[in-house]
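Chemist: My questions all concern the structure below.
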Amino acid sequence: MFGKLLKNDLKAQWHSMSVVFLCTFIVAIVAEVFTLTSDNKVVKVMGGLLVSLALGFACIIIIIAVAMMFSKTMFGRAGYLTLTLPVKTGSLLASKTLSSLIWVFAVYALFLGSLFLWVFQVKDTLGEEVMESAESLLKLFGVPSFLTIFMGVISFCVSLAVLVLVAVQSLQLGLTLSHVSPVSKFGNIGVIVIFFGLFALIQSVSNAIADALPFGLVITPEVIKITSDIHSTKAALGINAMGVNVVGSFVRLAIAIGLHYPTKYLIQHKVNVK
């Protein structure tokens with residue numbers, strides 16, 4: 001039954017999602033073709049960056065789009081039909097969440113792919129000598145090497161993926177609360193306040209726990225080291241080391257998963273469908 005729910009959600013959402021994907025692809029393809037056919041190095045570098053920026057903007061748009069679809073299908077006119085389906089509320093909510101994440105992470109994957117492609121395009125356009133000179137200049141200012149930064153970006157992308165999950169779950173809880181009295185009288189303003197307040201609270205709690213438990217990875221061009229104190233390990237390995245605290249991401253992931261349950265409870269017992 002869950003498989004059918006997910007399939008129907010994806011089919012219903014595709015009508016709205018196709019517009020976002022089409023516009024994104026048009027901008028990305030035009031910019032990429034312009035980048036590949038130009039002989040100007042600056043244009044090549046900026047064109048590739050434009051593709052990444054367009055897809056990054058699409059990530060924001062897609063989150064807003066899935067939030068609007070969640071509100072429409074759960075609490076709008078279609079909500080009367082949705083909430084009377086002979087399935088458990090938890091399965092219904094999980095299907096909406098998973099289908100939303102599929103669309104969001106599809107654009108997110110394209111964004112990451114374009115970002116890594118742009119890095120290689122810059123390297124190919126500028127050449128090894130220019131890149132080595134730039135890296136030497138970075139070291140003079142105490143900045144880690146390009147390789148260390150690149151590996152750090154990969155870990156950042158993983159953390160960003162967890163933040164996307166937090167954002168989707170926070171939006172769903174905010175939208176659900178906006179249909180519960182007395183919060184419902186604040187309308188969309190209530191959704192915005194709840195979303196940003198909840199997101200900031202999760203960030204504050206996870207950052208506080210991460211500061212108290214500095215467990216994570218220290219990355220250098222030669223080695224990736226697991227440590228219980230990233231600060232001291234990073235200091236011992238020198239300027240080419242970059243610390244990545246993994247505790248914060250795990251805490252955010254646990255909280256994001258946990259947000260499913262209050263949302264489920266509110267839908268079952270408190271929601272007023274318009």
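Chemist: Any idea of Ser155's accessible area? Nearest 10 Å², probe 1.4 Å.
Modeler: Ser155 has an accessible surface of roughly 30 Å² with all protein chains in place.
Chemist: Taking a threshold of 32 Å on the Cα-Cα distance, which of the pairs Lys7/Lys185; Lys234/Lys264; Lys7/Lys225; Lys7/Lys264; Lys4/Lys185 fall above it? Please report the intermediate quantities before stating the final value.
Modeler: On the way: Lys7/Lys185 34 Å; Lys234/Lys264 43 Å; Lys7/Lys225 42 Å; Lys7/Lys264 21 Å; Lys4/Lys185 35 Å.
Cα-Cα > 32 Å for Lys7/Lys185; Lys234/Lys264; Lys7/Lys225; Lys4/Lys185; rest within.
Chemist: Follow-up question, since we're still on this one. Across 10 Å bins from the origin, how do the percents of Cα pairs in segment 171-274 run, short distances first?
Modeler: 15, 31, 22, 16, 12, 4, 0
Chemist: Please calculate the 1.4 Å probe accessible area of Leu165, with all protein chains present, and give it to the nearest 10 Å².
Modeler: Estimated to the nearest 10 Å², Leu165 gives 30 Å².
Chemist: OK, next. Grab the beta carbon distance between Ser181 and Ile154, set R0 = 51 Å, and tell me the FRET efficiency rounded to 0.05. Write out the running numbers ahead of the final one.
Modeler: Numbers: r = 46 Å, r/R0 = 0.89.
The pair Ser181/Ile154 has a calculated efficiency of 0.65.
The values are calculated or read from the model by the stated rules, or taken from the named source; none is laboratory data. It should be emphasised that the depicted structure is a prediction, and the values quoted were computed from it without experimental measurement. Here Cβ is always computed from backbone atoms with ideal geometry, including for glycine, and neighbour counts include all displayed protein chains. When the accessible area is computed, the model is the full protein with side chains, heavy atoms only, and any ligands, DNA or RNA have been set aside. Shrake-Rupley method; radii C 1.70, N 1.55, O 1.52, S 1.80 Å.
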